[in-house]
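Asks: Let me begin by handing over the structure; questions about it come next.
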Amino acid sequence: PFPEKAMVCFGSMFIELPKAKTQEMLRQDQEELDEEINKLRKELRVKVNRLYEAQGKPELKGFNLNPMSAEEMKLINRILEG
């Protein structure tokens, strides 16, 4: 009953691709986006620290924290649910 193909939008057109190929493309895109987000976060921390230093302000406390991973969030939720 489940279709073996998925409709994917590229720009202004839809293309029918095999479901496995579509999932792989989405997974790769998400990995690239996650890497880019992490890179930008690291760069932002450095820039904010430089800005605070230039203004003569103390370094922000807690600004160098890292977000929890999806796996860590699952574990926390499991603990909270009991």
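The values are calculated or read from the model by the stated rules, or taken from the named source; none is laboratory data. Quick caveat, the model's predicted, so the values are computed rather than measured. For neighbour counting, all protein chains shown are included, and Cβ atoms are generated from backbone atoms with ideal geometry for every residue, glycine included. All accessible areas refer to the heavy atoms of the entire protein, side chains included, with ligands and DNA or RNA removed. Shrake-Rupley method; radii C 1.70, N 1.55, O 1.52, S 1.80 Å.
Asks: What pairs can you find where one residue is in the range 42-56 and more than 22 Å from Pro67 (Cβ to Cβ), the other is at pLDDT 90 or above, and their Cβ atoms are less than 7 Å apart, with a gap of 6+ or different chains?
Replies: Here the result reads none, with nothing in the range 42-56 linked to a residue that is at pLDDT 90 or above.
Conditions tested, residue by residue: (1) farther than 26 Å from Gln30 by Cβ; (2) not β-branched (Val, Ile, Thr).
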residue	(1), (2)
Val48	yes, no
Glu53	yes, yes
Lys61	yes, yes
Ala70	no, yes
Lys74	no, yes
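Asks: Tell me, please, whether a residue that is in contact with a Pro (Cβ under 9 Å, 6 or more places away or on another chain), part of a helix (DSSP H, G or I) and open to solvent by 90 Å² or more (accessible area, probe 1.4 Å) can be found in the range 30-43.
Replies: Yes, the conditions are met somewhere in the range 30-43.
Asks: Checking Val48 against (1) over 19 Å from the mean Cα position of the chain (by Cα); (2) surrounded by fewer than 10 Cβ atoms within 10 Å (Cβ to Cβ), only one condition comes out false. Which one?
Replies: Just one mismatch for Val48, condition (2).
Okay, residues lined up against (1) hydrophobic (A, V, I, L, M, F, W, C); (2) assigned to a helix (DSSP H, G or I); (3) modelled with pLDDT of 90 or more:
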| residue | (1), (2), (3) |
| --- | --- |
| Leu17 | yes, no, yes |
| Pro67 | no, no, no |
| Glu72 | no, yes, yes |
| Ile79 | yes, yes, yes |
